[in-house]
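As C-alpha cells, the structure follows; a few thoughts come after it.
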Amino acid sequence: MANPSLNVASHLERMAAQHPAQVAIHAPIGRVNADGPTEHRAITFLELNADSDAIAHGLASIGVVRGTRTALMVPPAPDFFALTFALLKIGAVPVFIDPGMGVKNLGKCLAEAEPEAFIGIAKAHVARRVLGWARKTLRTTVNVGQWRFYCHTSLERLREMGRTRGAYHIPEPGATEPAAILFTSGSTGVAKGVVYTHGIFAAQVELLKATYGIEPGEIDLCTFPLFALFGPALGMTCVIPDMNASRPAQINPHKAAAQIKQFGVTNMFGSPAVIRRLGELVGEGPTDLAGKPLVEPTPPSPLPEEKGELARETAVLEATSADNSVCPLPEGKGDGGGGSTCDTRGRLSSLRRVISAGAPASAASLERFVRLLPGGVEVFTPYGATEALPVANIGSREILGETRSLTERGRGVCVGRPVGGVEVYVIRISDEPIAEWSDSLLAAPSEVGEFVVRGPIVTRQYYNRPDATKLAKIRDPKTGDVLHRMGDVGYLDDHGRLWFCGRKSHRVTTPHGTLFTDMVEPVFNRCEQVARTALVGVTRGGVTYPVLCVELPDYRALTDHYPALKKRLPTPEAIKTKLRQRAGATFHTERITYLLHPGTFPVDVRHNSKIFREKLAVWADKQLGPKWTPEAQA
Ligand SMILES: Nc1ncnc2c1ncn2[C@@H]1O[C@H](COP(=O)(O)OP(=O)(O)OP(=O)(O)O)[C@@H](O)[C@H]1O
C-alpha cells in the first residue's frame, strides 16, 4: 500500500484537494512598491498542483525519472515551486546549491553532485556552458523560459507535453530513499552535499508544525529559499519577496514591510541578516554588521563605572522583555529620513512568529526587531545545520530577558532546548572519526564538548564525500541509528538547554587551556567601540597564542549620521584600553592580544555573519610577523 504522506509533494496534492481555491503563491508583478500595495499574481493550490503535475509528466517523458539527480538553478519564483514539487513527485533528486557561494565553488559542488539533468534560467546555462559545469555527467538540460536556449528543451514545452495528462501518480517512496541533495554554506571549507531522504523531509515538516504551531491557511513571507518548500507543505500561502535570495543582507526592509502589510503575513522565515535589516525599520539610524546600533563612541571608562553600565543595560533589557507591546520610539524619530514604519500605521501587527535560521542571530538585532512586533510575538532562532534541522529552539523573550547577559559574560550562546523527538549529547572533543556510539564518549556534565544529535531529522551521509561522512557520523550498533556530529562545541545546562560555544575547528588550544570563540567574542562585542571580534590562534615556536581580531564600527556611516563626531572618534589605543578592561573582568579572556582589523571581516556572502576565521588567522599571523610573541611585544 502506497504511503504518499512520506513524500513532501503529497501535502501539495492534499491542499489542492481540500483547499483548491486557497492561494499558494503571491508573486509580485515587477518590483515591489515600498510605500504601498503592489500588484501580485495569485496562484492557487489547485493551479500549483496541476502545474507541477504537467511538468512532472513532461520531465518523465524526457528521461528525468525516479532517482535522476537534477541540478536546479532557478530563483524562488513560481516556477521554482512548480519544478521542485514536480521533481519530488517523480522521485527525482533535486540538487540545491546556493549560487551566492561564487562560481568557483559552484563548479566544485556541481562536479561532486554528478547531476544527470540541469534545469536553470538562461544565466545559469550560460555559466554552465562557459565554465563546463558537470560536463561529464549531464544528459538532459531544460531552460526555464519559453525558448530552448541551446538546451534539450524548455519549461514551456514540458508544460505543453504534460498539460492534458492529469494527475501525476506519486510513487511510494522508501523512508531512506534519497529525496534531494542540499549543500551546506561552506563556511568551514568547500560546501558539502547533504543527502536528504523522504523520511527526513516528512519529519521536518511535522517538527516545524509541532514546534511553532504553524497552521494551514497562514501566510508566509519566505525570505529563506530552503524553507520555501515547507510553506506549501505546511499549507501556508507563500508571498515571494522582492530580493536576491543569495544576498539576504541586501533586502529592502521597506518593501518587505509593505508586503507583510498588504497580505497580513503571519509567519516569516528569514536569515539573521534579514532580521538585522528589518530592524532598521525602527528608524534609529544605522547598525553595524552585528546589528548593534551605531552610537556615539564614548571614551574608555574605568572599571567601577562599567558595573553601572551593566546595571543600566540590565534595566533596559528588563524593560524591553517585559513589554514590547508599545513601540518605544523617541519623539521625532518616527517618519524621518530613515523612513521609519514603526508607528501605529507601521507596526508589523499581523505577524504571529518569525523564525530566523541558518546562522547565529545577534541579541542586538533581535532586540531591535522585536520592537516592530505585536506584544507576545517572538522571534525564534532554531539551532541546527543543513545536516540536521531543527535541533533546538529558543525565542527572543528568553534570549533578551535572560541568556543574553550570560552570553556577554562569556558563558556561550544559549540556543535553547532540543525540539521534540531530537536528542542531543555532548561528547569529549576529538578531531578523529568515531565509528560507533558508546556512552563512554560522553563529556563530563557542564564540560564543553561536541554536540551530537540523534533523531528523525538527522541526515546519514554526504554525497560523494566518504571522508567527510566518516568524520561527521557515528553509528549506534545497538539501534542502527546514525548520529550526526555537529562540528559545534558547547554544553548542556541544568535546564536542559544547549549553550553553543563555537565551531570545533575554530577552538584555540593554548598552554593555559582551550578557548572557544563564542565564549570569548561576546565578552568584547558589547563594547560600543567595536563592531565584531574574532578569536584566532597564532603559533610561534610550537606554542599557540590567542589573538582577538577587532572589526571597528563603520565610522563613515556613523559620521554621516552624527557629523559632529568626526573629531571625536576613539584612537586605537583607547579601543585597546577598553578591550583590556573587558578582558580583565572575565577569567578566560585575560591573556589575549588585540589586533585592529582594517575594514570589515571576511564573512560568508549569504548571511554576512559567519566569520571566516581561517582567513583571519592567516592575516593575523602576517600582521604580527615571524618574531612576534606576546612576551616580546610586552
Ligand atoms: N541558532 C544558531 N546559533 C548559533 N549558530 C548557529 C545557529 N544555527 C546555525 N548555526 C551555525 O550554523 C551551522 C550550520 O550552517 P550550515 O549548515 O549552513 O553550514 P555551515 O556549517 O556554515 O557550512 P560548512 O559545514 O560547509 O562549513 C551550525 O553548525 C552552527 O555553527
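The values are calculated or read from the model by the stated rules, or taken from the named source; none is laboratory data. Note that the coordinates shown come from a computational prediction; the quantities given were computed from them, not determined experimentally. Reconstructed Cβ throughout: ideal geometry from the backbone, glycine too, with neighbour counts over all protein chains shown.
Find the residue count for the stretch 84-134, including only residues that are outside any helix (DSSP H, G or I) and among the hydrophobic types (A, V, I, L, M, F, W, C).
Going through the stretch 84-134 one residue at a time, the tally reaches 11.
Do any strands (runs of 3 or more DSSP E) entirely within the stretch 478-580 hold 2 or more residues that are touching a residue at least 12 places away in the same chain (Cβ under 8 Å) and in contact with a helix residue (DSSP H, G or I) (Cβ under 8 Å, 6 or more places away or on another chain), and if so, which?
482-492, 498-503, 513-515, 532-540, 543-551
Name the one entry in GLU160, GLU172, GLU206 that is of a type in the set (D, E, K, R) and modelled with pLDDT of 95 or more.
Just a single option satisfies the conditions, and that option is GLU160.
For GLY384, state whether it is more than 9 Å from the ligand (Cβ to nearest atom) and of a type in the set (Gly, Ala, Ser).
Spelling it out, it is not the case that GLY384 is more than 9 Å from the ligand (Cβ to nearest atom) and of a type in the set (Gly, Ala, Ser).
Being modelled with pLDDT of 50 or more, within 16 Å of the ligand (Cβ to nearest atom), among the basic types (Lys, Arg) and under 24 Å from ALA258 (Cβ atoms): is that true of ARG353 here?
yes
When you look at GLU408, is it at pLDDT below 95, among the charged types (D, E, K, R) and at negative phi, yes or no?
yes
Does ARG345 satisfy the condition of being more than 15 Å from the ligand (Cβ to nearest atom), modelled with pLDDT of 95 or more and not hydrophobic (A, V, I, L, M, F, W, C)?
Considered against the rule, which asks whether it is more than 15 Å from the ligand (Cβ to nearest atom), modelled with pLDDT of 95 or more and not hydrophobic (A, V, I, L, M, F, W, C), ARG345 comes out as no.
Any idea which residue in the stretch 442-477 is farthest from the chain's Cα centre (by Cα), counting only those that are part of a loop (DSSP other than H, G, I, E, B) and free of Cβ contacts under 8 Å to residues at least 60 places away in the same chain?
Here the answer is PRO477.
Testing THR403 on (1) part of a helix (DSSP H, G or I); (2) closer than 30 Å to PRO456 by Cα; (3) modelled with pLDDT under 95, one condition comes back false. Which one is that?
That leaves (3) as the condition not met.
Condition first: under 23 Å from the mean Cα position of the chain (by Cα), over 16 Å from HIS484 (Cβ atoms), surrounded by fewer than 21 Cβ atoms within 10 Å (Cβ to Cβ) and not basic (Lys, Arg). Can you find one or more residues in the stretch 365-375 that meet it?
no
Considering each of ASP554, ASP518, ASP481 in turn, give the residue that is surrounded by 15 or more Cβ atoms within 10 Å (Cβ to Cβ) and within 16 Å of the ligand (Cβ to nearest atom).
On inspection, the qualifying residue turns out to be ASP518.
(1) at pLDDT 95 or above; (2) within 13 Å of the ligand (Cβ to nearest atom); (3) closer than 20 Å to SER505 by Cα: which one isn't true of PRO360, the others all being true?
PRO360 satisfies all of (1) at pLDDT 95 or above; (2) within 13 Å of the ligand (Cβ to nearest atom); (3) closer than 20 Å to SER505 by Cα except (1).
Those residues that are of a type in the set (Asp, Glu) and either farther than 27 Å from GLN461 by Cα or out of contact with any strand residue (DSSP E or B) (no Cβ under 8 Å at 6 or more places or on another chain) (or both), I need them from the stretch 354-395; list them, please.
If the condition is that a residue be of a type in the set (Asp, Glu) and either farther than 27 Å from GLN461 by Cα or out of contact with any strand residue (DSSP E or B) (no Cβ under 8 Å at 6 or more places or on another chain) (or both), then GLU367, GLU378 are the ones that fit.
List pairs: first in the stretch 390-413 and in the same structural domain as GLY455 (by the TED database), second more than 12 Å from the ligand (Cβ to nearest atom) and among the small types (Gly, Ala, Ser), Cβ under 7 Å, 6+ apart or cross-chain?
ARG397/SER321; LEU400/SER321; GLY401/SER321
Can you pull out the residues in the stretch 177-194 that are farther than 23 Å from HIS607 by Cβ and surrounded by fewer than 22 Cβ atoms within 10 Å (Cβ to Cβ)?
GLU177, PRO178
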